[in-house]
Amino acid sequence: MPSTRLLTSVRLENVSPLKAILATCVAFPLIFIIGFYLWVTPSTLKDSRRKHLPPGPRGLPFLGNFFEMSKAETFRFQAQKWAKEYGEIFYTKMGGADYIYLSSPTAVKELMDKKSGIYSSRPPAPLASDVASAGRRQLFMPYGPKYRVVRKIAHQLLNITVSTSYQPIQDLESKQLMYDLLHDPEHFYDHNRRYSSSVILTVAYGHRMADWDNPLVKKIYSVVNNLQQFSAPGAFLVDTWPSLRYFPQWMFGNWRKFGEKCFAHDSVVYLNLWGDLKKEVDEGKANPCFAKDFYLSNPEKLGLDQLQAAYQTGGLVEAGSETTSAFLNSWILAMTLHPHIMKKAQEEVDRVVGGDRLPTWEDEANLPYLRAMIKELLRTRPPNKFGIQHYTTEDDWYNGYFIPKETVVVLNWWAINYDPAHWDKPDEFMPERFLGYDLPAASYINIGDPNQRDHFSYGAGRRVCPGVHVAEKSLFLNIARVLWAFNISKKFAKDGSVIEPNTAMVPGWMTIPQPFECDVTVRSEKKAALINKIWAETKETMGEK
């Protein structure tokens, strides 16, 4: 038999120098990456406390549960399944990052609310935060002095007292929405988007958008589309493994170029809005608005540069445009699918409002079924498909489980809102379940007993949605008025067959229904005439033709 040395010699002689070089070029980076991963990734060998991590599904080496957690269109079902299997708190891993999901009201209250000082940061996101947003988007900003400054500014704009002053704006835009639905019902989806963007643009910059085809509206939604692409967990490897930022970007999909492209687009939109506003103020032509007051307060005194100031006001427009319209379009979809619920709500509106005027906010206390319907809408359609991510800044323990520092802690609203132990038939749209929940959503956020909270779709802790008061007022007014004025039903094809509406969501991070078909028809000629009359008077008051 040949000796081992001879066999080795023969094998080496049969390998060409080129193949040897290529093998070395592949092997060395691979060994380096594996070594780097093992160095930066926490393990029980480095910290024995990790033996006490919460239970959770087994993951693959290096990848963890990446494949399950990065599926935007199905992960909400996976999150519910894991919560049923592992309980109120469970552990997963995505790349090199620890994830812990809170799937009960009590866990959310005890950690995100009561310990908000260490549960309020955001995970590092080299693409989404650092490159695509230049560290200026409040949504991705880590908790600290800068975040506290921008959060305070947002609160000054959107708190319950100030938000009441926006009701005339919401009322005006709602009247146009009714007119648009009356005369162009086919495009209800875009009418809702125009409404929501015009409200927040008027509040922020003092300019309303009377037409969906306005170039500025399209620019705002193009910014939202960028956000939709790069925000979802797993969308880009570098935001799953932040340490990959130190490697050549060509190895991981040229992520930096994509982020720079998004920033180049988004920042120009926001800087132009901010620049135009400053010019209007300096020339004495600016309408009353938040950005005007913000500019006159001198943001630089707060340590905010011009880019941060532009993102501060622009980010509010970004957040307020798509979320409200997504809820309104989701509600129209729900009414298309559940006509018996729409009829019951219409009977309540008719009984309280009558047929000679539009519903107003003063009617809300007398419309408990409608209020319950809105709560059910938000229970069934939280704003995004993954849950809301917080990030720990210190080690912590909960019920004997170890929660390491720098862990992504997720408010698992899909599991909480759909928990069969708390909600009867959670997959069904049943407004009746919220009859008796008489407080607004903002009041339930801070309720003492977390199990009495209506839903968790506005978040928790110091990251709760700052626009909750404005959003709730928009949802009530428009839903009440659409119920008063219109019937919503499935469309019929030319052959008489029923067209089932598309129930899928737009791909990406946010819970946005894809455009779908339905019939929106006015309930009577009397109501059509009143809508026309009200809008004509409103336009005359504004000086519009």
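Ordering Leu53, Leu271, Leu411 from the fewest to the most neighbouring beta carbons within 10 Å gives Leu271, Leu53, Leu411. Dipole orientation for the stretch 216-325: of the candidates Thr323, Pro242, Phe290, Pro242 has the Cα lying most toward the positive pole (charges on Cβ; Lys, Arg +1; Asp, Glu -1).
Tell me, in nm to one decimal, what length is gained between Thr164 and Lys494 on full extension, where the rule is 0.36 nm per residue of separation less the Cα-Cα distance? Write down the numbers at each step before the final one.
Details: separation 330, 0.36 × 330 = 118.80 nm, distance 4.67 nm.
Full extension from Thr164 to Lys494 adds 114.1 nm.
When Asp266, Asp454 are sorted by how many other C-beta atoms sit within 10 angstrom of their C-beta, beginning with the fewest, the order is Asp454, Asp266. With N counted as the residues of the stretch 51-171, its alpha-carbon radius of gyration over 2.2 N^0.38 Å works out to 1.34. Helix content alone sets the calculated 222 nm mean residue ellipticity of the chain: runs of n ≥ 4 DSSP H residues at -39500 (n - 2.57) each, divided across all residues, give -16000 deg cm²/dmol. For Lys46 and Ala504, a Förster radius of 56 Å and the Cβ-Cβ distance give a FRET efficiency of 0.80, rounded to the nearest 0.05. Specify the angular offset, from 0 to 90 degrees and rounded to the nearest 10, of the alpha carbon long axis of helix 339-353 from the longest principal axis of the alpha carbons in the chain. Approximately 40 degrees, to the nearest 10.
Any idea what diffusion coefficient the stretch 82-144 gets from Stokes-Einstein, in µm²/s, Kirkwood Rh on alpha carbon pairs, 20 °C, 1.002 mPa s? Can you show the working numbers first?
Working: Rh = 13.5 Å.
This corresponds to a translational diffusion coefficient of 159 µm²/s.
The value of relative contact order for the chain, using C-alpha pairs under 8 Å at least six residues apart, is 21 percent. Going by alpha carbons, how many degrees (0 to 90, nearest 10) lie between the helix axis of 255-282 and the longest principal axis of the chain? Roughly 40 degrees between the two axes. Farthest towards the positive end of the charge dipole of the stretch 48-542, among the residues Val482, His338, His265, is the Cα of His265, using unit charges on the Cβ of Lys, Arg, Asp and Glu.
When Lys491, Lys152 are ordered from fewest to most other Cβ atoms inside 10 Å of their Cβ, what list results? Walk me through the intermediate numbers first.
Details: Lys491 15, Lys152 10.
So the ranking, lowest neighbour count to highest, is Lys152, Lys491.
A simple charge model with +1 on the Cβ of Lys and Arg, -1 on the Cβ of Asp and Glu and nothing else charged puts the dipole of the chain at about 1560 debye relative to its Cα centre. Taking Cα centre as origin and charging only the Cβ of basic (Lys, Arg, +1) and acidic (Asp, Glu, -1) residues, the dipole magnitude of the stretch 284-391 rounds to 240 debye. Between Lys285 and Asp113, the simple spin-label model (points 7 angstrom out along Cα→Cβ) gives 5.0 nm.
Axis angle, to the nearest 10 degrees, between helix 75-86 and the longest C-alpha principal axis of the chain: 70 degrees. What are the residues whose amide H is under 5 Å from the amide H of Phe486, where those residues sit 5 or more places off or on another chain and H is modelled from the backbone? Amide H neighbours of Phe486, under 5 Å, 5+ apart: Arg523.
Between Ala536 and Lys344, the simple label model (points 7 Å from Cα in the Cβ direction) yields a spacing of 3.9 nm.
Between the stretch 347-406 and the stretch 281-298, what's the alpha-carbon centroid distance in Å? Their Cα centres are 33 Å away from one another. Calculated from the structure at hand, semi-axes √(5λ) of the Cα gyration tensor in Å is found among [x] 42, 26, 23; [y] 79, 37, 24; [z] 46, 28, 24 as [z]. Counting only DSSP beta bridges whose two residues both lie in the chain, roughly 85 percent are antiparallel.
Read the figures in this text as sums done on the coordinates, not as results from a lab. This structure is a prediction, so every number in the text was calculated from the model and none was measured. Cβ coordinates were reconstructed from backbone atoms using ideal geometry, including for glycine residues, and neighbour counts include every protein chain displayed.
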